Amino acid sequence: MHVHDSGAGAYGPYPRKEDARFVRGQGTFVDDISLPGMLYGAVLRSPLAHARIVSVDATAARAHPKVAAVLTGADLAERGLAWMPTISADVQAVLATDKVRFQGQEIAFVVASDRYAARDALELISVDYEPLPPLIDARTALDPGSPVIRDDLPAGTGNRIFDWTAGDKAATDAVFAAADVVVGCDMVYPRSHPAPLETCGIVADMHPVSGKLTLWSTSQAPHAHRTIYAMVTGVPEHKIRIVSPDLGGGFGAKVPIYPGYLCAIVASMVTGRPVKWMEDRSENLMSTAFARDYHMHGEIAATADGKILGLRARVLADHGAFNATAQPTRFPAGFFHIFTGSYDVQAACCEVTGVYTNKAPGGVAYSCSFRVTEAVYLVERLTDVLARELAMDPAELRMRNLLRPEQFPYTCATGWQYDSGDYPRALQLALDMAGYDELRREQAQRRARGEYMGIGLSFFTEGVGAGPRGQMDILGLAMADGADLRVHPTGKAVLGISVQTQGQGHETTFAQLVAHELGLSPDDVEVVHGDTDRTPFGLGTYGSRSTPVSGAAAVLAARKVRERARLVAAAMLEVAPDDLEWLDGKWRVRGDPDQARGIGEIALAAHSSLRLPEGVEGHLDASAVYNPPNLTFPFGAYICVTDVDPGTGEVKVRRFIAVDDCGVRINPMIVEGQVHRGLADGIGIALMQAIVFDELGNCLGGSFMDYLLPTSMECPSPELGETVTPSPHHPIGAKGIGESATVGSPAAVVNSVVDALAPFGVTHADMPLTPANVWRAIQGRPIRPDLALS
Amino acid sequence: MKLTVTVNGAEYSRTIEPRLLLIHFLRDDLGLTGSHWGCDTSNCGACVVWLDEMPVKSCTLLAAMADGRRVTTVEGLARGDVLDPVQEAFAACHGLQCGFCTPGMMMTARWLLDRNPDPTAEQVREAISGQICRCTGYENIVRSVLRAAKHDRGDDDARP
């Protein structure tokens with residue numbers, strides 16, 4: 001491991017550059033864009049989960065005086081755009097032509113001169129449906145009599161999307177057969193939704209003369225979107241510019257391309273005018289990227305004294321009506337097979353079956369590190385189930401099985417190569433911060449008084465920063481990211497990056513990265529992002545990949561600039577380049593450090609008439625493309641303390657202790673903010689957030705009155721700790737932090753509640769642990785959390 | 001219908017559809033895009049502005065209901081170039097990430113501090129409990145409001 005220290009010290013809790021505009025209300029979000037002559041779009045959506053479309057009649061809507069155009073599936077079919085490819089090698093209907101396959105599916109698109117008129121006109125479209133029996137319960141998807149949802153696919157496909165296995169099944173079965181103890185658990189990771197506060201939307205402007213298509217879009221991956229739009233619409237890629245301005249959160253929901261985007265593009269082509277489409281909250285919750293929806297059966301094998309030997313899992317994955325999950329191509333279950341977690345396990349095997357249901361498409365959205373969150377939940381829940389079986393303390397059981405520092409780099413039973421870690425140190429720090437032994441004593445005293453207090457642990461390992469060329473791609477695109485660094489004559493720099501902030505503070509963090517390498521102030525580095533005409537290609541921000549991939553590219557570009565500067569500095573000082581060393585932010589003559597030149601002076605000289613040595617081009621600009629050699633593996637130890645009211649089932653999160661190790665921290669203030677966010681996610685997902693359906697496929701989570709998000713009253717003041725184990729292969733040793741707490745915290749909350757309910761004999765309860773569900777668990781009558789049944 | 005309303009101290013007269021929501025009037029008719037539209041159901045509070053001196057959710061208020069009254073939005077929070085201590089504190093305490101809920105949060109915070117200059121953390125949490133932030137987990141919003149309160153009370157530690 002080599003952390004290059006320029007001595008400039010630009011890392012630290014630097015105030016965010018973004019904030020000046022946001023606190024004045026001067027951010028620019030997509031819905032803030034207004035162009036002359038702009039029209040407004042609205043989507044007609046299916047009220048039914050499964051029905052054949054007999055007819056769509058838009059005559060009356062087209063006659064509305066404020067309506068400029070109406071698009072139906074038939075209109076798009078004429079252009080070959082009624083269907084679009086998904087990121088998972090499936091197709092998805094843009095506007096339905098044959099059937100509707102989930103409630104909220106797109107059927108027609110109206111553009112009118114104002115928002116309200118567009119909505120009015122939707123009501124003038126007449127659709128004749130022939131209802132079909134819906135398939136809502138994923139567990140019946142493969143039954144012989146179940147309705148077939150995707151009759152557009154080859155006969156015999158049925159509702160099965162994929163079967164996928166990782167690990168050595170025979171070896172795992174052998175370990176299980178020989179083990180002293182085997183325990184298992186059925187668990188549901190319910191469907192949830194990331195619900196960024198800004199919904200999805202676009203302003204599409206097809207210029208009728210230049211042929212340039214400009215899109216202001218809520219996109220976490222503007223460059224990848226540009227390529228996909230070019231492939232789908234036939235507009236040449238150099239004539240497409242995507243501007244992803246300020247995003248009001250994303251969390252994965254703004255990775256996919258949605259039908260509304262394509263409708264707005266076609267509508268702009270048809271009308272010759274700019275078209276804005278912003279979905280409303282119900283549309284957002286009912287039709288865009290859901291997350292999770294994993295039905296899991298896990299088993300863990302161990303010795304009688306608590307040495308974990310093996311893990312097995314069978315998963316039924318509900319992918320909704322179209323397989324549109326956003327993840328690297330060869331990983332249909334994402335990175336779920338990292339489910340051996342943080343433990344030294346001899347053998348492991350998981351089998352995942354993906355199925356279609358009459359629900360919204362999406363998947364792998366919501367800060368999950370490509371389904372590491374489901375994997376962590378499985379192994380951490382199983383670890384607690386094992387602890388209960390063995391009558392061992394769950395902290396002691398974890399400490400006994402955690403990987404030891406000397407085992408890194410470590411190749412786990414399913415093939416992931418963990419880069420670095422000191423797990424026992426992180427867990428011990430969390431236990432010390434929590435006062436763990438004292439908490440257990442308090443719990444015993446409270447139990448004696450009939451009070452139900454829970455202490456839940458979770459130890460997680462993520463794999464982030466996708467991904468290595470040759471192993472990972474999205475639609476054939478390698479997951480590399482570029483950086484483009486220009487240093488102006490006065491020594492001020494502009495960095496163009498391919499990734500897209502949704503609140504993570506890239507404009508600040510990336511300026512710090514460059515400033516640190518070049519001995520500049522972060523104030524002297526302007527970061528440009530979210531405009532494909534002004535930034536280099538890259539796959540975007542998701543899976544915690546900005547710092548691991550794009551951050552590395554920025555550092556490499558800055559180091560190229562520094563080496564160019566060395567040649568110019570040598571000419572300025574009339575010494576050989578080898579006689580210079582980089583020290584305290586300047587190139588200095590070895591042995592005579594006062595003879596020095598900083599980047600500001602060197603930049604001016606590089607643009608001046610200074611006579612340059614043979615082969616030195618002048619200027620300092622440089623670019624880089626980073627291909628990560630491996631993922632990085634952040635980890636952490638979380639402890640959640642809850643109090644449960646046995647009369648109402650209400651859970652109160654009293655404390656949350658979170659120790660995170662994300663390698664080298666560029667801006668600790670921003671890192672802590674990311675952890676705060678993820679802990680709120682964990683509390684929300686564990687206690688209240690679930691997208692639930694009734695037996696007809698009606699989405700019961702279609703508004704913020706029904707899909708509950710945590711407020712200031714449910715989220716505690718987190719207690720944060722850190723350890724720093726640099727990644728050995730990242731240029732500055734950073735690992736990524738954007739999703740750690742969302743991945744790691746739900747298991748700690750559930751383990752805490754189940755621990756609180758131990759006196760009732762409860763060994764497992766499924767999320768969301770709402771008061772009603774907790775109360776049912778106490779009564780010994782748990783319910784299916786994914787369905788409004790029973 | 002004709003609407004006359006004073007927004008951030010300036011009077012505006014416009015002809016509007018009676019059904020026009022206040023949030024759309026502010027954003028689309030007046031171009032004051034600092035207030036955001038997040039949920040339609042009064043749950044998220046991204047649209048919070050003041051009607052006279054009271055925070056309201058402008059996505060569930062008709063613009064017509066503001067006729068003859070005063071509306072204050074985030075654009076009216078600073079006095080000229082001088083930021084409100086609440087604005088300073090949100091930046092100083094990392095009380096925002098994506099910035100979408102921030103205007104509404106700050107409007108509620110200023111309202112609270114005008115009535116309760118020395119709130120407890122619990123009172124701050126109560127005040128913002130009708131609003132949703134998806135980025136901060138609320139902790140740094142609470143710290144921001146408490147810092148702004150210190151500044152209002154003249155504590156030099158909380159000055160920028």
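The values are calculated or read from the model by the stated rules, or taken from the named source; none is laboratory data. It should be emphasised that the depicted structure is a prediction, and the values quoted were computed from it without experimental measurement. Cβ coordinates were reconstructed from backbone atoms using ideal geometry, including for glycine residues, and neighbour counts include every protein chain displayed.
What the table below lists for this structure:
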read-out	value
Residues of segment A:444-459 satisfying the condition of being of a type in the set (S, T, N, Q) and within 25 Å of A:R400 (Cβ to Cβ)	A:S458
Residues that are at the interface with chain A (Cβ under 7 Å from one of its Cβ atoms) and either at positive phi or surrounded by 22 or more Cβ atoms within 10 Å (Cβ to Cβ) (or both), drawn from segment B:74-90	B:V74, B:Q87, B:F90
Among the candidates B:L26, B:L32, B:L21, B:L96, residue that is in contact (Cβ under 8 Å) with a residue 40 or more places away in the chain and either in the same structural domain as B:G137 (by TED's automatic domain parsing) or more than 23 Å from A:F29 (Cα to Cα) (or both)	B:L96
Qualifying residue in segment B:106-128 (condition: surrounded by fewer than 20 Cβ atoms within 10 Å (Cβ to Cβ) and touching a Ser or Thr at 6+ places or on another chain (Cβ under 9 Å))	yes
Residue satisfying condition, being in contact with a helix residue (DSSP H, G or I) (Cβ under 9 Å, 6 or more places away or on another chain), assigned to a strand (DSSP E or B) and either surrounded by 20 or more Cβ atoms within 10 Å (Cβ to Cβ) or modelled with pLDDT of 95 or more (or both), within set A:G482, A:G491, A:G496	A:G482
Residue satisfying condition, being basic (K, R), within 30 Å of A:G678 (Cα to Cα), touching a residue at least 12 places away in the same chain (Cβ under 8 Å) and surrounded by fewer than 22 Cβ atoms within 10 Å (Cβ to Cβ), within set B:R143, B:R153	B:R143
Filter pass, A:S268 being more than 25 Å from A:R21 (Cβ to Cβ), away from every other protein chain (no Cβ under 14 Å), part of a helix (DSSP H, G or I) and of a type outside the set (A, V, I, L, M)	yes
Pairs with Cβ under 8 Å, 6+ apart, first in segment A:367-385 and within 21 Å of A:V762 (Cβ to Cβ), second surrounded by fewer than 24 Cβ atoms within 10 Å (Cβ to Cβ) and among the hydroxyl-bearing types (S, T, Y)	A:V385/A:T763
Leading residue by the ranking (farthest from the other protein chains (Cβ to nearest Cβ)) among those in segment A:661-696 that are within 26 Å of A:A51 (Cα to Cα) and surrounded by fewer than 21 Cβ atoms within 10 Å (Cβ to Cβ)	A:E695
A:I107, sole failed condition from (1) in contact (Cβ under 8 Å) with a residue 12 or more places away in the chain; (2) on the phi > 0 side of the Ramachandran plot	(2)
First in segment A:682-693 and closer than 18 Å to A:C368 by Cβ, second anywhere and surrounded by 24 or more Cβ atoms within 10 Å (Cβ to Cβ) and basic (K, R), Cβ under 6 Å, 6 or more apart	A:I691/A:R191
Entirely in segment B:89-160, the helices (runs of 4 or more DSSP H) that have 2 or more residues that are at pLDDT below 95	B:139-152
In segment B:4-20, residue surrounded by the fewest Cβ atoms within 10 Å (Cβ to Cβ) [restricted to those that are among the aliphatic types (A, V, I, L, M), more than 8 Å from chain A (Cβ to nearest Cβ) and in contact with a helix residue (DSSP H, G or I) (Cβ under 6 Å, 6 or more places away or on another chain)]	B:I16
Selected residue (only one of A:A748, A:A741, A:A772, A:A765 is surrounded by fewer than 24 Cβ atoms within 10 Å (Cβ to Cβ) and not in a loop (DSSP other than H, G, I, E, B))	A:A772
Conditions (1) away from chain B (no Cβ under 14 Å); (2) aromatic (F, W, Y); (3) assigned to a loop (DSSP other than H, G, I, E, B): number failed by A:Y229	(3)
A:D128, sole failed condition from (1) more than 14 Å from chain B (Cβ to nearest Cβ); (2) surrounded by fewer than 24 Cβ atoms within 10 Å (Cβ to Cβ); (3) within 33 Å of the chain's Cα centre (by Cα); (4) not aliphatic (A, V, I, L, M)	(3)
Options A:V183, A:V110, A:V175, A:V100; residue that is buried (at least 21 other Cβ atoms within 10 Å of the Cβ), of a type outside the set (K, R) and more than 30 Å from A:A253 (Cβ to Cβ)	A:V175
Residue in segment A:276-284 that is modelled with pLDDT of 95 or more and in a loop (DSSP other than H, G, I, E, B) present	yes
Long-range neighbours under 6 Å by Cβ, at least six apart or interchain, first residue under 16 Å from A:A365 (Cα atoms) and within 11 Å of chain B (Cβ to nearest Cβ) within segment A:277-290, second among the hydroxyl-bearing types (S, T, Y) and assigned to a strand (DSSP E or B)	none
Close pairs (9 angstrom Cβ cut-off, 6 or more residues apart or separate chains): more than 8 Å from chain B (Cβ to nearest Cβ) in segment A:9-25, part of a loop (DSSP other than H, G, I, E, B) and among the aliphatic types (A, V, I, L, M) anywhere	A:A10/A:L520; A:A10/A:I666; A:Y11/A:V664; A:Y11/A:I666; A:Y11/A:I732; A:G12/A:I666; A:Y14/A:I666
Some residue of segment A:489-499 being more than 28 Å from A:E601 (Cβ to Cβ) and either touching a residue at least 60 places away in the same chain (Cβ under 8 Å) or away from chain B (no Cβ under 14 Å) (or both)	yes
In segment A:454-479, the residues that are surrounded by 24 or more Cβ atoms within 10 Å (Cβ to Cβ) and among the polar types (S, T, N, Q)	A:S458, A:T461
Odd one out for A:V94, checked against (1) within 14 Å of chain B (Cβ to nearest Cβ); (2) of a type in the set (V, I, T); (3) in contact with a Gly (Cβ under 8 Å, 6 or more places away or on another chain)	(1)
Count - residues of segment A:149-171 that are under 15 Å from A:H319 (Cβ atoms) and either more than 27 Å from the chain's Cα centre (by Cα) or crowded, with 19+ Cβ neighbours inside 10 Å (or both)	7
Residue count for segment B:91-101, restricted to those that are more than 7 Å from chain A (Cβ to nearest Cβ) and either in contact with a His (Cβ under 6 Å, 6 or more places away or on another chain) or closer than 25 Å to B:W37 by Cβ (or both)	1
In segment A:424-453, the residues that are within 24 Å of A:D344 (Cβ to Cβ) and loosely packed, with under 14 Cβ neighbours inside 10 Å	A:D432
Residue that is nearest to the other protein chains (Cβ to nearest Cβ), among those in segment A:26-61 that are crowded, with 23+ Cβ neighbours inside 10 Å and among the β-branched types (V, I, T)	A:V30
